[in-house]
Amino acid sequence: MGLLQRRARRAAQWVVDSVMGNGLAQQEDDVAHANAGERTSAEVARLARVAAAEGCVLLTNDGTLPLKPNEEVAVFGRCALDWFYMGRGSGGSVHSPYASNLMDGLAHVGATYSHVLAQVYADWCTDQRNAADSGWWGHWPTHHPEMPVSTELAQAAACTARTALVVIGRCAGEDLDMPLAPGGYYLTDEEQALLATVTSTFERTVVVLNTTNVIDLSWVEALDRAPSAVMLAWAGGMEAGNAVADVLYGCVNPSGRLACTLARSYKDYPSSTTFGSKHKVDYLDDIFVGYRHFDTHAPQDVLFCFGHGLSYTTFSVEIMGVETTELAAMEQKTADYQAWDGTPGSAHIGVRVRVTNIGARAGRRTVLLWCQPPREGIPKPVRILAAFGKTCELLPGESQVLELACSAKNLASYDKDSHAFVLDAGSYQLDCTGTATIVEVGQRVVVESCTPLCQSSDDLRERIVRNLPAPITANGSSSAKKPVLFDDVIDGRAALDDFVAGLSDKELEALTCGEGAMNSTLGTPGNAGAFGGVTPSLRKRGVPAAICADGPSGGRLQRRCSLLPCATTLACTWDTDLVQRLYAATGNELRANGVDVLLAPGMNIQRDPRCGRNFEYFSEDPLVSGLMATAVVRGLQGVGVAACPKHFACNNQETRRNTSDSCVSERALREIYLRGFEICVRKARPALIMTSYNKVNGVWAHYSYDLATTVLRHDWGFGGVVITDWWMRPARSPEFPKLRNNAYRIRAGVDVLMPGSMSHVARVMERPKGISRAELQRSARRVLAFLVSKKG
């Protein structure tokens, strides 16, 4: 290892140690233990197993699945033992109480498998020369080298087993995009040889893909003998092995469906030409992301389409009826040259769908409602996901009617000239059965007008100055009264504004920065940081500290916490009720462990399959992302743990994430990259939002007034706290050259620097050239209002 590598490794280790309290070895230790203060939940484990199973997507099956427990199988692939439970980095490094791999799962369902072959793999994997490398920050292995399998070994196993299971694993993460290389996006030579040997030796071969990301699957068609079945199991958390075995053996009927598109080759993805650019990342695909591109421009390049997923049973689906609400009123408003003034989403189309299980096994069915918009007007994709729903478990012959509601805005296109979401006149064809139902829109409808995003520094300066706040002053003569304490505000004896007015500049400043380090001594060991009452002066006034934990895959602490299925798995369940219940149970666990804020959900669009943090994100589609995130937020906040959706916005690659500039059109921002956040903010009202590291159209997100204030607060009505991702880049405001760093951030509307101060970042107050006291009060008040809501 060279000098630069050693230095980088030590630096990365320092980051990990600062979070885990020099406890990395403890985190990696698999020895089960339970300290008195550690609390994990059996309910979380139960729901995690259900979710991990329901998120498995059966890509192909010739009838080999489900397997029979009394028929022996031969299990190949070291990842059956060295399973990838979660992606790497802050979003996945949960210190779980246990983790079940596939071999554990097979034992739990009573499967019969070749113990001789299993022992060969166990001996090989435990040999020091072959041990799985745990890596280090940003340099984790994306795969584990595969054990060579000779024809003789395969034939010996085939003497007692007609069916083989082959497990292939991949894992990317934070600061680590999936390499476009063997062992990354592509199979290694050893993996290709394994597949060729096994498929040619065994009567039936089932391939299980244990991966955090989409990888190349062209081999499914290219092998001389195709696999009998291929199942995409993703990274299912601590219950992964049990859940996968449940599906393989029919304990659970697969109902997962893809929330992304699997292309025939990487070059077929429109993002492939610019993904990974070190400085400027041009979003040349514009709104044509995922299925929007493939359906419109290249249907022949799709291997497995968005929404694909097989079952062990068969269903019929029929549309029972369609109704529209307030569309006529919207058309009349537009005819009168008035913008629609209804609540966003109040105008909608409702579709009643009857699903019947016409097969021989009980199972669940997801229904996707598609809309094919008119070709006239603004250029549009061939079709757009309008709504979705999922049945309960239906017995053979049983039916259920789903009510699918689609807001008019979900079907609308963003017109960059009028800065509005509009419905062009024409026929909107709704379909989930192969037979379309048509909704006619007689004339162009303005669904919602938006504030234009500023195109020049002068325009932005004028907007900011126009919206500067007035100072907060105490009501009456507070000088004659004793100082207001925070408990007075909580108990209703004093107004929050009176408390804010009585704070010093130094105290206001402290409320706009975290304590200053990860693993804050104010909270549970291993926490991500603290904000609020981070100074003795504030705590003397009664202001508590809010303790954060990294998510979304559970609480990243030194204590044991449940490791959940990755976000992509959850999206593939298409079950928002299940996701909400899972995160409610997780919230109870987090609260018992002293966590106030979970830094979750991850909400960025899966623009490219190689993005290292795709496992933290839900989908290539903003509607799926928004509704899944809504379920997460409602689950957490319903039990008293604040949610913090992230990363706002356009954090779609990990390569040079701190310096790359996501260059996106206003239409693509509004329709694709911000839309999921908008749905979540308006439906679930998260307490916090976290900005991203990258620039968006030339401005770091943590300095972007248009993102943090114009869009988030003005257009969407967000009333919570905006925080940075951990630390930020120093910069000077182009609009106000005397403002830099924290002052620049506060003026943009980003309230809190997390986890706190950095030596090269100037203090907020830099009078006389700094921001006003009123601006400090505005951000401090938001933080305090959040703390009041937590205490209330």
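Things to note:
- Complete set of residues in the stretch 122-131 that are open to solvent by less than 60 Å² (accessible area, probe 1.4 Å) and out of contact with any Leu (no Cβ under 7 Å at 6 or more places or on another chain): Trp124, Asp127, Asn130, Ala131
- Residue satisfying all of: in the stretch 654-676; out of contact with any Lys or Arg (no Cβ under 8 Å at 6 or more places or on another chain) and either assigned to a loop (DSSP other than H, G, I, E, B) or open to solvent by 30 Å² or more (accessible area, probe 1.4 Å) (or both); farthest from Pro622 (Cα to Cα) among these: Arg657
- For Cys572, the stated conditions do not hold, so it cannot be described as in a strand (DSSP E or B) and buried (at least 22 other Cβ atoms within 10 Å of the Cβ).
- Test result for Ser413, out of contact with any Ser or Thr (no Cβ under 6 Å at 6 or more places or on another chain) and modelled with pLDDT under 95: no
- Every residue from the stretch 617-653 that is closer than 20 Å to Glu589 by Cα and open to solvent by less than 10 Å² (accessible area, probe 1.4 Å): Ala629, Thr630, Ala631, Val632, Val633, Gly635, Leu636, Val641, Ala642, Ala643, Cys644, Pro645
- Filter result (part of a helix (DSSP H, G or I) and either of a type in the set (A, V, I, L, M, F, W, C) or under 13 Å from Thr366 (Cβ atoms) (or both)) within the stretch 384-433: Ala408, Leu411
- The requirement of being open to solvent by 10 Å² or more (accessible area, probe 1.4 Å) and basic (Lys, Arg) is not satisfied by Arg613.
- Qualifying residue in the stretch 312-319 (condition: of a type in the set (S, T, N, Q), modelled with pLDDT of 95 or more and within 21 Å of the chain's Cα centre (by Cα)): no
- Residues of the stretch 482-508 that are open to solvent by 20 Å² or more (accessible area, probe 1.4 Å), under 23 Å from Pro755 (Cβ atoms) and assigned to a helix (DSSP H, G or I): Asp505, Lys506.
- Criterion: surrounded by 14 or more Cβ atoms within 10 Å (Cβ to Cβ) and modelled with pLDDT under 95 - qualifying residue of Val534, Val446: Val446
- Given (1) under 33 Å from the mean Cα position of the chain (by Cα); (2) at pLDDT 95 or above, index of the condition Gly434 fails: (2)
- Residue under evaluation Gly542, criteria (1) in contact with a Phe, Trp or Tyr (Cβ under 6 Å, 6 or more places away or on another chain); (2) open to solvent by less than 10 Å² (accessible area, probe 1.4 Å); (3) part of a loop (DSSP other than H, G, I, E, B), criterion not met: (2)
- Filtered residues of the stretch 696-745 (kept if assigned to a strand (DSSP E or B) and open to solvent by less than 20 Å² (accessible area, probe 1.4 Å)): Val696, Val721, Val722, Ile723
- Filtering the stretch 120-135 for residues that are at pLDDT below 95 and among the acidic types (Asp, Glu) leaves a non-empty set.
The rows are residues; the columns are (1) hydroxyl-bearing (Ser, Thr, Tyr); (2) assigned to a strand (DSSP E or B); (3) open to solvent by 20 Å² or more (accessible area, probe 1.4 Å); (4) without any contact (Cβ under 8 Å) to a residue 60 or more places away in the chain.
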| site | (1), (2), (3), (4) |
| --- | --- |
| Val94 | no, no, no, no |
| Ala99 | no, no, yes, no |
| Ala107 | no, no, yes, yes |
| Val120 | no, no, yes, yes |
| Asp133 | no, no, yes, yes |
| His143 | no, no, yes, yes |
| Glu152 | no, no, yes, yes |
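- Test for Phe202: is it over 30 Å from Lys380 (Cβ atoms) and either in contact with a helix residue (DSSP H, G or I) (Cβ under 9 Å, 6 or more places away or on another chain) or at pLDDT below 95 (or both): yes
Results for (1) among the β-branched types (Val, Ile, Thr); (2) touching a Ser or Thr at 6+ places or on another chain (Cβ under 7 Å); (3) under 17 Å from Val783 (Cβ atoms), shown as yes or no for each residue.
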{"site": "Arg493", "(1), (2), (3)": "no, no, no"}
{"site": "Leu503", "(1), (2), (3)": "no, no, yes"}
{"site": "Gly516", "(1), (2), (3)": "no, yes, yes"}
{"site": "Ala530", "(1), (2), (3)": "no, yes, yes"}
{"site": "Gly542", "(1), (2), (3)": "no, no, yes"}
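- Every pair of residues 6+ apart whose Cβ atoms lie under 7 Å, when the first sits in the stretch 229-251 and is farther than 13 Å from Ala52 by Cα while the second is of a type in the set (Asp, Glu): Ala229/Asp62
- Answer residue from the stretch 352-373, given it is open to solvent by 10 Å² or more (accessible area, probe 1.4 Å) and either of a type in the set (Val, Ile, Thr) or free of Cβ contacts under 8 Å to residues at least 24 places away in the same chain (or both) and is farthest from Ala425 (Cα to Cα) among those: Ile358
- Pick from the stretch 408-441, criterion hydroxyl-bearing (Ser, Thr, Tyr) and open to solvent by 20 Å² or more (accessible area, probe 1.4 Å), ranking: nearest to Ile349 (Cα to Cα): Thr437
The values are calculated or read from the model by the stated rules, or taken from the named source; none is laboratory data. Here the structure is a predicted model, which means the values were calculated and not measured. Every residue, glycine among them, receives a Cβ derived from its backbone with ideal geometry; neighbour counts consider all protein chains shown. Just so you know, the surface numbers come from the protein's heavy atoms only, side chains and all, with ligands and any DNA or RNA stripped out. Shrake-Rupley method; radii C 1.70, N 1.55, O 1.52, S 1.80 Å.
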